[in-house]
Amino acid sequence: MDSKKASRRKFLKGGAAAAAVGAIQSASGQTPAPAPVKRSLKDEVAYGERSHYVTSVRVAVLERPSPDEFGLTFHVLTPLQDQVGIITPSSLHFVGTHRGAIVPDIDPREYRFLLHGMVDRPLEFTLEELKRFPSVSRIHFVECLGNRARADHKTVQQTHGLTSCSEWTGVLLSVLLKECGVQKGANWVVSEGAEEVKGAGSIPLAKAMDDCLVAYGQNGEAIRPQNGFPVRLIVPGFEGIYNTKWLRRIKVVDHYYMTYNDYGHISKDPKVAGLNLQWGPKSVITFPSGGQKLPGPGVYQLTGLAWSGGGAVRKVEVSADGGHTWKDAEIRSQVHRMAHTRFGMTWKWEGQECMLQSRCTDELGQVQPTKAQLAKFFNQPPDYYHTHGVQGTDNTIQPWRVAADGSVSNAFA
Amino acid sequence: MRLRRLVPLMVILGLPQPGSAQSSTYGLGKTPTAEEIRSWDIAISPTGKELPPGSGSAKEGAPLYAQKCAACHGATGYGGRAPQLIRSENTTLPPGAKAPPCLSPCIRNETVMGIYSPYATTIWDYINRGMPFGKEGTLTPNEVYALTAFLLYKNGVIAEEQVLDAQSLPQVKMPNRDGYVLPEWKHGMPRPFPNKP
């Protein structure tokens with residue numbers, strides 16, 4: 001015992017001596033250690049916050065303030081310009097709701113999910129029961145139909161901030177549908193949320209049986225309240241609104257139900273209708289992007305995100321001359337189907353004015369169009385979509401103008 | 001020794017093949033009663049098969065509209081802070097006045113739900129599930145029928161005296177009945193857009 005105490009004392013003395021030596025060395029020119037962060041037991045032990053030097057935040061869409069006239073938070077945009085990799089931090093995931101819905105406070109112990117309609121065995125599940133099914137974790141983007149770049153959008157957050165990407169964990173909807181036994185003649189499912197407006201939409205049964213997820217996990221933890229806690233539907237590659245948050249019910253039906261959401265998407269033009277539901281190939285350069293400034297000529301890492309509702313990203317090209325010549329970018333992340341994919345290239349800016357843009361090709365061979373190509377498809381003048389919103393999903397190419405002073409702006413402005 | 005101990009566990013894991021039509025695989029979840037399903041099932045099909053008993057006309061809907069809707073949607077169904085509900089001959093705003101919010105779809109005159117929706121069931125469904133704002137789910141079926149009739153009458157779709165119920169509501173011939181093409185989706189299907197670089 002005595003010898004142990006003695007050795008401990010010796011050790012402490014030694015430590016003090018070492019610390020003293022360190023301090024002397026600092027005083028003599030060694031870089032001093034930074035001051036410690038302000039201590040917080042919550043951060044150190046319970047649940048960590050990011051550094052106070054990191055200030056990247058979501059902002060409300062330009063078109064409607066949050067809170068709006070009814071005190072509601074409408075759509076808020078994720079700060080793509082600040083993000084690295086392919087996963088959007090859960091706390092920065094964009095938020096869109098049916099009409100500025102009030103986020104429901106659902107006790108997971110009280111949560112129920114009803115699966116019924118044209119099935120042999122309607123079933124009601126608790127959250128605990130959903131978790132007893134085999135789970136899958138998949139990385140998918142969710143993008144709102146309202147993600148339409150316009151001339152008055154200044155930053156990539158404003159032009160493209162209604163898309164985000166997470167690892168979602170849950171049970172495949174197909175597993176639950178098979179558990180209930182889908183009947184012959186069924187063609188659609190109607191999914192419905194538990195928020196005050198109970199937002200609902202019709203999804204093709206073929207998609208529901210393909211890869212949809214009844215998800216309870218987001219990026220390794222429970223889904224955030226604003227993103228559908230405790231359970232939401234993930235419909236990979238489809239318009240955001242079909243990814244029903246606060247999922248309370250799925251009804252298997254024989255025909256299109258024309259819910260309020262469905263009615264909000266209808267068109268009698270088959271060309272427009274054909275470009276609904278599933279996102280096409282899309283990409284955007286996040287650096288350099290609108291509102292940023294290059295400090296001077298030299299080497300930079302040009303980077304951005306590419307994704308497609310049609311599957312995996314196969315190729316991303318970048319043009320620095322307004323789309324006359326293109327060069328393949330490097331894919332700098334793992335490539336997942338219906339997921340954000342990081343691309344980049346080492347780029348030397350000589351200090352001249354230029355126009356940067358990216359173009360995505362997906363696994364189906366679909367190529368991201370320019371606004372002029374889309375205008376031609378819809379028999380509109382070439383610059384029509386510079387000032388008008390695209391009907392249906394907007395997956396057009398976004399050019400950024402780099403001025404001689406290094407400032408970057410929306411080329412449609 | 002270790003292998004033998006694994007055997008009973010594998011028996012527990014030996015569930016039926018997933019997807020067999022005859023029975024469930026996991027035996028999880030509770031079978032809801034017909035009454036429970038009815039109380040959850042607020043999605044109204046264009047056939048109207050889920051519509052509850054009850055009825056209402058535009059005459060009954062007018063005072064309800066004034067009482068429960070006009071504060072947000074405007075006394076005439078136009079000019080409130082909530083989206084337009086009734087087509088208006090004169091949509092010029094007084095100086096300084098803000099246009100009503102333009103949601104998706106951008107609701108202006110010809111695209112108010114009482115005209116643009118291909119089925120009257122959509123109007124009934126949305127009033128029933130989502131209105132009035134802040135008091136959702138408080139309207140009785142009779143009130144929802146009456147308010148639906150009022151909006152359809154004010155938009156020139158039905159007569160003032162027409163009574164709507166579970167039978168007559170799905171029969172209402174909406175002016176935009178054929179105004180949509182159904183989206184199609186198949187696994188691996190490219191979008192119908194001639195993409196060329």
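The values are calculated or read from the model by the stated rules, or taken from the named source; none is laboratory data. Just so it is clear, the model here is predicted, and its values are computed rather than measured. Cβ sites come from the backbone with ideal geometry, for glycine too, and all protein chains shown count toward neighbours. Ligands, DNA and RNA are excluded from the accessible area calculation, which covers all protein heavy atoms including side chains. Shrake-Rupley method; radii C 1.70, N 1.55, O 1.52, S 1.80 Å.
What the table below lists for this structure:
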{"quantity": "Some residue of segment A:92-101 being without any contact (Cβ under 8 Å) to a residue 24 or more places away in the chain, in a loop (DSSP other than H, G, I, E, B) and out of contact with any helix residue (DSSP H, G or I) (no Cβ under 8 Å at 6 or more places or on another chain)", "calculated": "no"}
{"quantity": "Flag for A:E128 being open to solvent by 20 Å² or more (accessible area, probe 1.4 Å) and either farther than 30 Å from A:Q334 by Cα or in contact with a Lys or Arg (Cβ under 9 Å, 6 or more places away or on another chain) (or both)", "calculated": "yes"}
{"quantity": "Candidates A:V171, A:V189 - the one that is open to solvent by less than 40 Å² (accessible area, probe 1.4 Å), within 29 Å of B:I123 (Cβ to Cβ) and either more than 9 Å from every other protein chain (Cβ to nearest Cβ) or without any contact (Cβ under 8 Å) to a residue 40 or more places away in the chain (or both)", "calculated": "A:V189"}
{"quantity": "In segment A:147-164, the residues that are more than 16 Å from A:Q226 (Cβ to Cβ) and either touching a Ser or Thr at 6+ places or on another chain (Cβ under 6 Å) or modelled with pLDDT under 95 (or both)", "calculated": "A:N147, A:R148, A:A149, A:R150, A:A151, A:D152, A:H153, A:V156"}
{"quantity": "Within segment A:242-251, considering residues that are more than 17 Å from A:T126 (Cβ to Cβ) and either at pLDDT below 95 or more than 10 Å from chain B (Cβ to nearest Cβ) (or both), the one nearest to the chain's Cα centre (by Cα)", "calculated": "A:N243"}
{"quantity": "From the options B:G114, B:G156, B:G134, residue that is open to solvent by 40 Å² or more (accessible area, probe 1.4 Å), of a type in the set (G, A, S) and either under 25 Å from A:G193 (Cβ atoms) or in a helix (DSSP H, G or I) (or both)", "calculated": "B:G134"}
{"quantity": "Of all residues in segment B:169-186 being part of a loop (DSSP other than H, G, I, E, B) and touching a residue at least 40 places away in the same chain (Cβ under 8 Å), the one that is surrounded by the fewest Cβ atoms within 10 Å (Cβ to Cβ)", "calculated": "B:D178"}
{"quantity": "Residue list for segment A:358-376, restricted to those being open to solvent by 30 Å² or more (accessible area, probe 1.4 Å), closer than 21 Å to A:P270 by Cβ and in a helix (DSSP H, G or I)", "calculated": "A:Q373, A:K376"}
{"quantity": "Count of segment A:108-139 residues which are out of contact with any Gly (no Cβ under 6 Å at 6 or more places or on another chain), more than 11 Å from A:G170 (Cβ to Cβ) and either at pLDDT below 95 or assigned to a loop (DSSP other than H, G, I, E, B) (or both)", "calculated": "7"}
{"quantity": "Test: residue in segment A:246-253 that is under 21 Å from A:Q278 (Cβ atoms) and open to solvent by 10 Å² or more (accessible area, probe 1.4 Å)", "calculated": "no"}
{"quantity": "Residue match in segment A:216-228 (condition: open to solvent by less than 10 Å² (accessible area, probe 1.4 Å), within 12 Å of chain B (Cβ to nearest Cβ), over 23 Å from B:P118 (Cα atoms) and not in a loop (DSSP other than H, G, I, E, B))", "calculated": "no"}
{"quantity": "Selection within segment A:338-357 - in contact with a Leu (Cβ under 9 Å, 6 or more places away or on another chain) and either within 11 Å of chain B (Cβ to nearest Cβ) or not in a loop (DSSP other than H, G, I, E, B) (or both)", "calculated": "A:T341, A:R342, A:F343, A:G344, A:M345, A:T346, A:W347, A:W349, A:L356"}
